[in-house]
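For reference, the structure discussed in these notes is given below.
The values are calculated or read from the model by the stated rules, or taken from the named source; none is laboratory data. Because the structure is a prediction, the values reported are computed rather than measured. For neighbour counting, all protein chains shown are included, and Cβ atoms are generated from backbone atoms with ideal geometry for every residue, glycine included.
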Amino acid sequence: MRNITNELREIAEDLLESKKVDVVLGYAKGEQPYQSVPFAAKKKEDVENLIFDIFSYSSLSKYLLDDMYRGKKVALVLKGCDYRGLKIMLDESRVDRDDLYLIGVECRGVLEKSKLKKKIDATLFETTLDLKEDKLAISSSKENVEVPYEDVLSPYCLACEFSTPHKEEVDIILGEPGKMTNKELTTDECFAEIGQIEKMDEEQRFEYWKKQLNRCKRCYSCRNACPVCTCRVCLFDRENPSYLDSDTSQLAQHQFYHVIRAFHISDRCVGCGQCSRVCPENIPLHLLNQKLIKELNKFYGSYLPGVDEQPAPLSFAKADDPDPFEKEEK
Amino acid sequence: MIEQNFEPKIVAFCCNWCSYAGADLAGTGRLKYPENVRIIRVPCSSRVEVQMIMRAFQNGADGVMVAGCHPGDCHYDTGNYHTRRRMMLLQSLTSFLGMEPDRFIVKWISGNEAAKFKSTVEEFNETLKKLGPADKVRDQRCGI
């Protein structure tokens, strides 16, 4: 895999120097090992902090809604899933395309830190990574291991069907096309838990989700990190009616929050997996989204939000849709 | 444990143009249906948002019914098609979460189907009596 950090810095410097943009939104190295954090380069001197690596998880498009960037020219670093999120915002006229300079990057997936930790005995602080063509070499003072990418890549990336923004849709594209793993996995294989949960009986399913949802602290990280959760006033921030309060002892409130959250992004979810990744309690939230995507695809034909031009499945309805409610009466 | 003489609370969202008229007709026709159904009149069944249904469960409903015009008969042409898509998705999600999907039904009842309204409510009432109180989806602080 070619390292595109240097090219990115050159472009960013060029853009800032020529005053084409006011700010370049990208990633910088975080304090933790293998962590990349969002970073805004406003001056020429900031540019050297910019990086792009396999830990650049978060989607940056939601920063555009911030007052800070209103009316400014912004350059944005975009992976495939980030572009899909931005496309939905563009379609809804939340941001103006003319104000943006899009730097598409060839993404080959991001690494999942929890998977990486399982592969090694040493802590992440002590290890160094070497990205080889088909394997990832992890070395520390204690051990040297090589693992195939499909074992450490994020499951969302293994199921990804749109890893790189199209050339025509962005202003410039960096890197070279290709996949990190040669193994083609279907969505069902990547999210095998959905099948397992579907097979359980109702009582088991309830117990499973009770255990998961009761951990929720209602920090709303999943909502805030989601690139397509962009309502001007969020339902949960509304004061009249105020649906939820701060009490986290009630399962019903957790159910309410998670059902509504998943439902509201059901036909918009781009499958980046950021909701589960940011969850401090590791609740598998992506399973709810993926379940809804699965249902929508099953009944109303396959649809990729932010890629396909046709309208989203919940934005229209047809007379000949399957009717699950009248069946029993016939 | 199912308590003796448990009377379930049913919230029925009825579309103004069909199901509400159907319920009205049941009243004028002196058809007796279970009195534990609370009818909420909505302009169209597609007015019913997911949060309304979840809110009803949170605050003490044992069952929720959404009733609209028969497909093809909608006063606004396509409203109930939207209801159908949305409610089907909600049902599959609640069933995935193990939240007793039987407590939530969607029915198409037209303005002259008083008998269907009666039988639907009766049937639903019986189902809910068997299921017992909806403790799994209720906010325990709601005082019911």
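Points to keep in mind about this one:
- Residue that is farthest from the other protein chains (Cβ to nearest Cβ) [pool: residues in the stretch B:86-125 that are closer than 21 Å to A:I197 by Cα and of a type in the set (D, E)]: B:D102
- In the set B:D135, B:D77, B:D102, B:D62, only one residue is under 19 Å from A:D321 (Cβ atoms) and of a type outside the set (A, V, I, L, M); that residue is B:D77.
- Selection status of B:E49, acidic (D, E) and touching a residue at least 60 places away in the same chain (Cβ under 8 Å): no
- Test: residue in the stretch B:126-135 that is at the interface with chain A (Cβ under 7 Å from one of its Cβ atoms), free of Cβ contacts under 8 Å to residues at least 40 places away in the same chain, assigned to a helix (DSSP H, G or I) and under 30 Å from A:F236 (Cβ atoms): no
- Residues located in the stretch B:6-35, provided they are assigned to a loop (DSSP other than H, G, I, E, B), over 17 Å from B:H70 (Cβ atoms) and in contact with a strand residue (DSSP E or B) (Cβ under 8 Å, 6 or more places away or on another chain): B:P8, B:K9, B:P34
- Enumeration of residues in the stretch A:239-263 that are over 18 Å from A:L213 (Cα atoms) and either touching a helix residue (DSSP H, G or I) at 6+ places or on another chain (Cβ under 7 Å) or at the interface with chain B (Cβ under 10 Å from one of its Cβ atoms) (or both): A:P241
- Of all residues making up the stretch B:56-85, the number that are on the phi > 0 side of the Ramachandran plot and of a type in the set (D, E, K, R): 1
- Residue list for the stretch A:80-107, filter: over 18 Å from A:C229 (Cα atoms) and either assigned to a helix (DSSP H, G or I) or under 14 Å from the mean Cα position of the chain (by Cα) (or both): A:R97, A:D98, A:D99, A:C107
- Taken over the stretch B:71-84, the criterion of being surrounded by fewer than 21 Cβ atoms within 10 Å (Cβ to Cβ) and either under 15 Å from the mean Cα position of the chain (by Cα) or among the acidic types (D, E) (or both) is satisfied by B:D73, B:D77.
- Pairs with Cβ under 7 Å, 6+ apart, first in the stretch A:39-64 and among the β-branched types (V, I, T) and assigned to a strand (DSSP E or B), second at pLDDT 90 or above and buried (at least 22 other Cβ atoms within 10 Å of the Cβ): A:I51/A:Y27
- Residues satisfying the stated conditions in the stretch A:124-139, i.e. surrounded by 13 or more Cβ atoms within 10 Å (Cβ to Cβ) and touching a residue at least 40 places away in the same chain (Cβ under 8 Å): A:L124, A:T127, A:L129, A:L131
- The set of residues in the stretch B:115-144 that are farther than 30 Å from A:T248 by Cα and among the small types (G, A, S) comprises B:A115, B:S119.
- Put simply, of A:K142, A:K167, A:K117 the only residue that is without any contact (Cβ under 8 Å) to a residue 12 or more places away in the chain and of a type outside the set (D, E) is A:K117.
- Residue among B:R55, B:R138 that alone is facing chain A (nearest Cβ under 9 Å), touching a Phe, Trp or Tyr at 6+ places or on another chain (Cβ under 9 Å), within 23 Å of B:N5 (Cα to Cα) and crowded, with 18+ Cβ neighbours inside 10 Å: B:R138
- Inspection of the stretch A:219-226 finds no residue satisfying the criterion of being within 12 Å of chain B (Cβ to nearest Cβ), out of contact with any Gly (no Cβ under 8 Å at 6 or more places or on another chain) and closer than 28 Å to A:K79 by Cβ.
- The number of residues in the stretch A:4-26 being small (G, A, S) and not in a helix (DSSP H, G or I) comes to 2.
- Residues of the stretch A:278-291 that are among the acidic types (D, E) and either in contact with a helix residue (DSSP H, G or I) (Cβ under 8 Å, 6 or more places away or on another chain) or within 11 Å of another protein chain (Cβ to nearest Cβ) (or both): none at all.
- Tallying residues that are part of a loop (DSSP other than H, G, I, E, B), buried (at least 18 other Cβ atoms within 10 Å of the Cβ), within 11 Å of chain B (Cβ to nearest Cβ) and not small (G, A, S) within the stretch A:292-328 yields 3.
- Count - residues of the stretch A:59-73 that are surrounded by fewer than 20 Cβ atoms within 10 Å (Cβ to Cβ) and under 28 Å from A:C157 (Cα atoms): 3
- Of the candidates B:V37, B:V48, the single residue that is β-branched (V, I, T) and in contact with a Phe, Trp or Tyr (Cβ under 7 Å, 6 or more places away or on another chain) is B:V48.
- Residue in the stretch A:183-191 that is modelled with pLDDT of 85 or more and buried (at least 18 other Cβ atoms within 10 Å of the Cβ) present: yes
- Condition check for B:A115: among the aliphatic types (A, V, I, L, M), surrounded by fewer than 16 Cβ atoms within 10 Å (Cβ to Cβ) and over 11 Å from the mean Cα position of the chain (by Cα): yes
- Residue match in the stretch A:188-197 (condition: more than 19 Å from the chain's Cα centre (by Cα), more than 21 Å from A:C269 (Cα to Cα) and more than 14 Å from every other protein chain (Cβ to nearest Cβ)): no
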